[in-house]
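> My questions all concern the structure below.
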Amino acid sequence: EKYAAESAATEKAAIDARRAAKANGGFYVPAEPKVALVIRITGIIGVSPKAKKVMQLFRIRQIHNATFVRLNEATIRMLRLIEPHVAYGIPSRKTIENLVYKRGFGEINKQRIPIAHNSVIEEGLGEFGIKCAADLIHEVITCGPNFKRSEER
């Protein structure tokens, strides 16, 4: 509930700022997105070694693998390099929730365990303050301090 209220307040603030800018005759420039969803769409044949390395760094080694990537100058350059081999975009909150609930896995004792209940998340990421699915989703959406750890496990 805390995260839902926070995201609603953020959306309301963006809408208010857009309306205020329009009323004053100006333009509203929304904040840059923080995270992208990258999906590999081609196989290994004909891929340059540099592109292979970038896809390995993003952990998209097989066709149809997907990962969340923090957007900064370096990762945007990497995405441009592998653009012919991947599809990427800015995911909505709903998309992130669906992916975590339907396709999310936790790593416990070096075993991949599907996220069926919050105990899997707490056991894998509890030490970083991520106790439940809502915490995990919030961490991915906001690109928080434990984004890399939550995205890896």
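The values are calculated or read from the model by the stated rules, or taken from the named source; none is laboratory data. The model shown is predicted, which means the values in this text are computed figures rather than measured ones. Neighbour counts are summed over all protein chains in view; Cβ atoms, including those assigned to glycine, are modelled from backbone coordinates with ideal geometry. These accessible areas exclude ligands, DNA and RNA; they are computed on the full protein's heavy atoms, side chains included. Shrake-Rupley method; radii C 1.70, N 1.55, O 1.52, S 1.80 Å.
> Which pairs break 31 Å Cα to Cα here: LYS53/LYS102; LYS22/LYS148; LYS50/LYS94; LYS12/LYS53; LYS52/LYS148?
Check vs 31 Å cut-off fails for LYS22/LYS148; LYS50/LYS94; LYS12/LYS53.
> If you average the C-alpha positions of the stretch 106-153 and of the stretch 39-67 separately, how far apart do those two centres end up, in angstrom?
Using only Cα atoms to place each centre, the spacing works out to 24 Å.
> For the stretch 1-89, rounded, prolate or oblate, judged on the Cα gyration tensor with a ≥ b ≥ c (square roots of eigenvalues), a/c < 1.5 rounded, else prolate if a/b > b/c?
Note, shape of the stretch 1-89 comes out prolate.
> Additional query: What's the magnitude of the charge dipole for the chain around its Cα centre, counting Lys and Arg as +1 and Asp and Glu as -1 at the beta-carbon? Answer in Debye, nearest 20.
Magnitude of the dipole: close to 640 debye.
> Separate question: What GluC sites (Glu not before Pro) does the stretch 1-101 have in DSSP loop regions with at most 11 other beta carbons within 10 Å?
Hits after loop and neighbour filter: GLU1.
> Sort 125-137, 84-96 by packing, meaning the average of other beta carbons within 10 Å per residue, with the highest value first.
Per-residue mean Cβ counts within 10 Å order the peptides as 125-137, 84-96.
> Additional query: Compute the normalised compactness of the chain: alpha-carbon radius of gyration over 2.2 N^0.38 Å, N being the residue count.
Here the answer is 1.19, to two decimals.
> What is the packing order of peptides 60-68, 13-21, taking the mean over residues of other C-beta atoms within 10 Å and listing the highest first?
For the peptides 60-68, 13-21, the packing ranking is 60-68, 13-21.
> Of all the accessible heavy-atom surface of the chain, with the other protein chains kept in place and a 1.4 Å probe, what percent is carbon and sulfur?
Answer for the chain: carbon and sulfur cover 55 percent of the accessible area.
> Okay, next question. Can you show me the helix-derived [θ] at 222 nm for the chain, built from DSSP H runs with n ≥ 4 at -39,500 (n - 2.57) apiece and divided by the number of residues, rounded to the nearest 500.
One gets -14500 deg cm²/dmol as the mean residue ellipticity at 222 nm.
> Tell me the per residue accessible area of the chain using a 1.4 Å probe; a whole number in Å² is fine.
That works out to 67 Å² for each residue.
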